[in-house]
Amino acid sequence: MTATTTILRQHLIDPEICIRCNTCEESCPVNAISHDSRNYVVDAAKCKYCYNCISPCPTGAIDNWRHVKAETPYALAEQLLWDTLPEQLAIEESQPTGADSPAAALPDDVERIAAASTSGQGGVAPPPWSAAHPYVNLYSIQKPAVATVSGNFRLTAGDASSDIRHIVLDFGNASFPVLEGQTVGILAPGLDAHGKPHHVRLYSVASPRDGERPGYNNLSLTVKRVTSDHEGAAVRGVASNFLCDLKKGDKVDVVGPYGTSFLMPNHPGSNLLMICTGTGSAPMRAMTERRRRKSVPKEDGKLMLFFGARTAAELPYFGPLTRLPKEFIDIHLAFSRVPKQPRQYVQDLIRARGADVAALLRDENTYLYLCGLKGMEKGVDEAFSEVCGRHGLDWKTLHAQLLQQGRYHVETY
Ligand code: NAP
């Protein structure tokens with residue numbers, strides 16, 4: 001039998017960025033952080049992964065991790081001599097961190113949902129090379145951030161069959177940094193039918209990194225009230241109904257943030273090809289808003305959006321979307337249930353705009369994002385394959401390259 005190695009996710013502090021302000025040492029409840037005149041260091045034997053030290057750090061030096069063999073973590077004496085952090089070493093014969101290890105990081109619910117949402121692309125892809133550093137898991141189920149509802153607006157028309165809401169959460173003095181494409185977990189109050197707390201529900205952040213309102217410590221979510229299951233049977237969605245019923249001033253327990261892959265590139269000239277259905281538009285809104293606010297026309301790459309909904313009345317953000325200038329974003333809306341009109345889906349419009357889609361696919365600076373209903377993955381894949389075939393590209397090869405280069409990101413449920 002092959003011997004396996006237990007891997008530890010060791011918490012480290014980057015000596016290059018650390019400004020030696022002592023906030024981490026003050027916030028550590030188990031005295032795992034100490035310092036000398038040169039460096040701040042973390043004792044692997046004491047760290048309990050409570051993350052109390054992460055959000056107070058003003059520079060992000062605290063948020064560094066390396067996978068090491070559990071029996072040989074970096075010692076304190078070693079860390080005290082560092083000028084820079086060591087590179088991540090390749091570790092062979094590894095097994096995931098065992099239950100006895102303190103490195104069990106994300107809640108089970110979050111791991112399960114993340115695995116399901118990315119299964120179509122074969123697991124989590126690397127992030128775009130120029131993406132900003134995401135913070136994850138700053139607030140746990142045991143210690144959630146408490147946000148205050150500062151807005152809850154119905155996005156869908158009054159007579160639309162679905163109730164989709166734009167919900168704004170304010171974090172007050174708590175630090176809850178997010179990037180476009182990340183998700184947050186909502187803890188609905190109460191207990192389930194088995195007397196246990198409800199599972200964490202994940203929602204994509206719909207606002208850009210600097211807040212729903214720039215400079216405010218808030219973020220927004222796009223939430224559809226769930227009243228039936230995939231087969232159409234009546235079901236009351238616990239978290240969605242809780243969120244959709246919230247009033248201004250109500251409090252919400254929020255965990256996370258999560259997500260280290262579905263992130264936008266930051267380098268000039270990068271193109272975003274975004275495909276979504278329904279509330280899968282949330283991360284696309286965040287990315288589009290980020291671009292709109294930070295737009296440097298000479299440096300900006302292209303934005304192309306394919307967005308599917310039943311009707312215009314059911315399409316979240318329909319009004320604001322249609323008002324965006326054509327030269328800023330190339331938008332294609334597919335409506336599937338407009339009376340007396342043929343059903344149209346995002347994949348139909350990808351085919352119709354094949355030449356422009358192929359031109360984007362040829363560009364090494366293009367990043368693809370797919371978010372929404374799981375069912376659309378297959379149709380979109382077939383549409384890309386057809387478009388590539390028509391324009392001298394091999395989708396199978398390109399798809400593998402896109403995944404490997406962190407340029408294809410899928411989040412579907
Ligand atoms: P929906 O209203 O049921 O459907 C939106 C559109 O997608 C409709 O036009 C629908 O057509 C079409 N569609 C259905 N199957 C399709 C397929 N196989 N290929 C292409 N288009 C298809 O959508 P929704 O209820 O808002 O669902 C959005 C999904 O996004 C949910 O699964 C949600 O979990 C997920 N999501 C949400 C968030 C968030 O933050 N809220 C984030 C990520 C993902 P028909 O008229 O034929 O049904």
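For this structure, a couple of remarks:
- Matching residues, the range 142-168, being over 18 Å from the mean Cα position of the chain (by Cα), of a type in the set (A, V, I, L, M, F, W, C) and more than 16 Å from the ligand (Cβ to nearest atom): 146, 149
- Residue that is modelled with the lowest pLDDT, among those in the range 230-261 that are among the aliphatic types (A, V, I, L, M) and not in a loop (DSSP other than H, G, I, E, B): 234
- Counting only strands (runs of 3 or more DSSP E) that sit wholly inside the range 156-217, not one has at least 1 residues that are closer than 16 Å to residue 289 by Cβ and among the acidic types (Asp, Glu).
- Residue within the range 213-234 that is in contact (Cβ under 8 Å) with a residue 60 or more places away in the chain, within 24 Å of residue 127 (Cβ to Cβ), buried (at least 24 other Cβ atoms within 10 Å of the Cβ) and away from the ligand (no atom under 11 Å from the Cβ) present: no
- Residues located in the range 287-311, provided they are touching a residue at least 24 places away in the same chain (Cβ under 8 Å) and over 21 Å from residue 361 (Cα atoms): 289, 290, 292, 293, 295, 296, 309, 310, 311
- Per-region count, the range 380-396, residues within 19 Å of residue 407 (Cα to Cα) and surrounded by 15 or more Cβ atoms within 10 Å (Cβ to Cβ): 9
- Test result for residue 389, within 15 Å of the ligand (Cβ to nearest atom) and farther than 12 Å from residue 274 by Cα: no
Conditions tested, residue by residue: (1) away from the ligand (no atom under 11 Å from the Cβ); (2) without any contact (Cβ under 8 Å) to a residue 12 or more places away in the chain.
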{"site": "325", "(1), (2)": "yes, yes"}
{"site": "343", "(1), (2)": "no, yes"}
{"site": "350", "(1), (2)": "no, no"}
{"site": "355", "(1), (2)": "yes, no"}
{"site": "361", "(1), (2)": "yes, no"}
{"site": "394", "(1), (2)": "yes, yes"}
{"site": "409", "(1), (2)": "yes, no"}
{"site": "412", "(1), (2)": "no, no"}
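The values are calculated or read from the model by the stated rules, or taken from the named source; none is laboratory data. Being a predicted model, the structure only gives us computed values, none of them experimental. A quick note on method: Cβ atoms are made from the backbone with ideal geometry, for glycine too, and the neighbour counts reach across all protein chains shown.
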